[in-house]
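Structure first, then comments.
The values are calculated or read from the model by the stated rules, or taken from the named source; none is laboratory data. Since the model is a prediction, treat every value here as computed from it, not as a measurement. Backbone-built Cβ (ideal geometry, glycine too); neighbour counts: all protein chains shown. What goes into the accessible areas is simple: the full protein's heavy atoms, side chains included, and nothing from ligands, DNA or RNA. Shrake-Rupley method; radii C 1.70, N 1.55, O 1.52, S 1.80 Å.
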Amino acid sequence: MSAACETVVPEGDGAPGGRPTPSKSTLRRATAGATVGSVVEWFDVAVYGYLAGVLGKVFFPASDPTTQLLSSFAVFAAAFLVRPLGGIFFGTLGDRIGRQKTLAWVIVSVSIATLCIGLLPSYASIGLLAPALLVLLRLIQGFSAGGEMGGASAFVAEYAPKKRRGYLVSLVEMGCILGFLLGSLVVMVLHFALSAEQVQDWGWRVPFLMTAPLGFIGLYIRNKLEETPEFAELRARGGLAKHPLRESVTQHWRSILRTAGFALFQNAALYVILTFIPSYQETTLGHTATLASVSAVVSMSLVCLTIPLTGALSDVVGRRPVLGGACGLALLFAYPLFVLMDSSNTTLVVLAHCGLGLILGTFLGPTLAAMNEMFSTRVRYGGFSLGYNFSVSVFGGTAPLLVTFLVARTGIVASPAFYIMASALITLVVVLTTKETAPRKTGEA
């Protein structure tokens, strides 16, 4: 199949006369139902990441703090290894039985696993069974998360009016950052409200237990949703793929690779800018923990504000100019901004972090819509999930480790910029060799 044949639009969009436009209330419910799962998923990621030091002391032998921390981060990384498997499982399920039912199962499984982490006995109570159960629950989290982004973004993409697809799908991405922001704020309040001993004894459980009501709300909303119009239409005319995974790999492999290419910069930059930089500011650059926390919250807030703006912009000017522009900005400004972050002026430190956040937010706005538009309805959930989760597993979860190695190996404190720049260059090439998919630019009615 030629590359041109793989840049496709949703099948329902081509129906004679077009499908009826959903009401505003239906669009709001569909977008909220899809987005809430992203909030829960990234809340979990943030909570574990910011409490990694505490969890190392709770679940691993008291040999030394460094070993405990490394063990805790190894468990964190383990969840990323199984995400492609989760993407294959839930993606295939979503392309066969529907998006709505699959997304309900995803939020149930990830919420139960997170809740159970909050209820786990410590190493002091049950010995080696504690870290073993923690690993198992993290694997369930990662497996479930593999089905979240592909399903949630496909759900909104298949509901959204074509000329607003970029904006509406961007809200799913914004939900991810909101979840991360919420998780970081909860952990910050925890450390302010409790002593270090209280946090280690019982306080660390609170954020994990909070997932139960969040997950229940998400499940309630998702159970009230109807199947997407495009998938329902496809099913009604008997057009569902019998073997969606096989069809994705054999007929849409170029789109899968392009999705992985788009997600390369997305995940490499995201995990460096949002998860690595706060600890980097404190441990490598010598800034205070308070400054690192403020910098993280301000930059994440800016990312949240930027995402819907650039998502909407891509509906007007196209996906490629916005995505390519963000990659170009990363190539030009990533290194100077990391150098600026080493300043003794606290305002400049925060502004540098915000500059990186602005570049990230610019890319995140249109990227989910662009990736969804590369697949037909028959294989959208699975094809997207396969390409996206491969990049998350290889380039996202490993990003903090790789940039830490870069700093140690080169002795250049601004060297994390090289990782961002390299990923931006690869993704820029992919963007430039991919056809435009935004409906207003491709002439769709």
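Computed values, structure above
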item: Principal-axis tilt of helix 319-341 within the chain, Cα atoms, nearest 10 degrees; result: 10 degrees
item: Anchor Lys441: aspartates and glutamates whose Cα lies under 12 Å away (excluding residues fewer than 8 positions away in-chain); result: Asp315
item: Accessible surface of the chain [probe 1.4 Å, protein heavy atoms]: carbon and sulfur percent; result: 70 percent
item: Cβ charges +1 (Lys, Arg) and -1 (Asp, Glu), total dipole of the range 313-445, debye; result: 280 debye
item: Average accessible surface area per residue within the chain, 1.4 Å rolling probe, Å²; result: 39 Å²
item: Percent RCO, i.e. relative contact order, over the range 264-341, from Cα pairs under 8 Å lying at least 6 residues apart; result: 22 percent
item: About the Cα centre, charge dipole magnitude for the chain (Lys/Arg +1, Asp/Glu -1 at Cβ), debye; result: 1140 debye
item: Distance-filtered residues of the range 19-51 - backbone nitrogen under 18 Å, label point 7 angstrom along Leu209 Cα→Cβ; result: 44, 47-48, 51
item: Listed residue (Ile256, Leu309, Phe73) projecting farthest to the positive dipole end of the chain, Cβ model; result: Ile256
item: Value of Rg to Rh for the chain (Rh from inverse mean 1/r over Cα pairs, i.e. Kirkwood); result: 0.97
item: Mean Cβ neighbour count within 10 Å, used as a protection proxy, ranking 213-222, 119-128 highest first; result: 213-222, 119-128
item: Size of the range 201-271 as Cα extents on the principal axes (Å, biggest first); result: 53, 35, 18
item: Fully extended contour minus Cα-Cα distance, from Trp253 to Arg440, at 0.36 nm per residue; result: 64.7 nm
item: Potential extension, Ile217-Leu85 segment - 0.36 nm per residue separation minus Cα distance; result: 44.9 nm
item: Sorted peptide list for 224-232, 31-39, criterion being average Cβ within 10 angstrom, highest first; result: 31-39, 224-232
item: Among the listed pairs Lys24/Lys162; Lys162/Lys242; Lys242/Lys435; Lys24/Lys435, those beyond 22 Å (Cα-Cα); result: Lys162/Lys242; Lys242/Lys435; Lys24/Lys435
item: Nearest-0.05 FRET efficiency for Thr347 and Lys224, computed from C-beta distance (R0 51 Å); result: 0.65
item: Dipole of the chain [Lys/Arg +1, Asp/Glu -1 at C-beta], most positive-end residue of Thr347, Val186, Leu425; result: Leu425
item: Scaled radius of gyration (Cα, divided by 2.2 N^0.38 Å) that the range 244-319 gives; result: 1.57
item: Heavy atoms of Trp202: accessible area, 1.4 Å probe, square angstrom to 10; result: 120 Å²
item: Mean separation of Cα contacts under 8 Å, 6 or more apart, over the residue count of the chain: relative contact order %; result: 26 percent
item: Proximal lysines relative to Lys101, as straight alpha-carbon distance under 16 Å, when same-chain residues fewer than 8 apart are discounted; result: Lys224
item: Residues Leu136 and Thr288, FRET efficiency given R0 of 35 Å [Cβ-Cβ distance, rounded to 0.05]; result: 0.40
item: With all protein chains modelled, accessible area of Lys101 [1.4 Å, Å²]; result: 120 Å²
item: Residue-averaged 222 nm ellipticity for the chain, from DSSP H runs of 4+ at -39500 (n - 2.57), nearest 500; result: -24500 deg cm²/dmol
item: Derived scalar couplings ³J(HN,Hα) [the range 78-83; Karplus, 6.51 cos²θ - 1.76 cosθ + 1.60; whole Hz; x for Gly, Pro]; result: 4, 4, 6, 5, 9, 4
item: Intensity falloff of the range 57-143 expressed as log10 I(q)/I(0), Debye formula with alpha-carbon point scatterers, at q = 0.20 Å⁻¹; result: -0.90
